[in-house]
Each structure stands twice: as C-alpha cells, then as structure tokens.
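Report on the following structure.
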Amino acid sequence: MDMNTFFNDLQNKISQAIENSPAKDIEKNVKSMMTQGFSKLDLVTREEFDIQTQVLAKTRAKLEALETRLAELESKADGKVDGKIV
C-alpha cells in the first residue's frame with residue numbers, strides 16, 4: 001500500500017466516523033441556529049452592499065459638482081444686486 005492510498009483510506013474512514021457521530025448533528029444544529037438568527041437580522045448580501053457603495057460614490061460626486069456650481073453661481077450673484085453690477 002503506497003502512502004497516497006493510505007492517506008485517502010484514512011481520510012475516508014475519518015469522514016465516515018464524523019458522518020456517523022454526534023459531531024455532525026451538532027454541526028447541522030449550529031448551522032441551522034445561525035441561519036435562523038441571521039434571517040432575523042436586517043442583513044444584506046455582499047453584492048447588494050457593493051452596489052450601494054457604488055451608488056453612494058456617484059451621489060457624492062454629483063453633490064460635490066453641484067456644490068461647486070452653486071458656489072460659482074452665488075459668487076456671480078454677489079456681484080449683482082437687483083440685476084445691476086455693483
């Protein structure tokens with residue numbers, strides 16, 4: 001028996017032992033409890049988070065552009081009072 005076959009056989013036996021042991025049931029129960037707990041929380045997926053991050057970045061860029069434009073318009077308006085250049 002070569003080493004590779006030995007380790008594969010050992011791995012299979014360990015996997016079978018775990019499958020038939022209470023540890024597998026505990027793992028299933030813990031996963032179930034965690035899934036149930038997470039479903040009660042208001043969580044989003046990573047994809048949804050990334051999309052919202054991109055939307056926020058675009059919104060910030062537009063806001064900065066609008067603030068700059070507003071500042072320019074206000075500075076032009078400050079030079080005029082009642083339509084007359086002061």
Looking for whichever is part of a helix (DSSP H, G or I) and charged (D, E, K, R) here; the options are Asp42, Asp50. Which one fits?
-> Asp50
Tell me, please, whether a residue that is surrounded by fewer than 10 Cβ atoms within 10 Å (Cβ to Cβ), within 36 Å of the chain's Cα centre (by Cα) and polar (S, T, N, Q) can be found in segment 37-52.
-> yes
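Readers should treat all values here as calculations from the given coordinates under stated rules, not as data from a laboratory. Note that the structure is predicted; figures quoted are calculated from it, not measured. Using ideal geometry, Cβ is built from the backbone for each residue, glycine included, and neighbour counts are taken over all protein chains shown.
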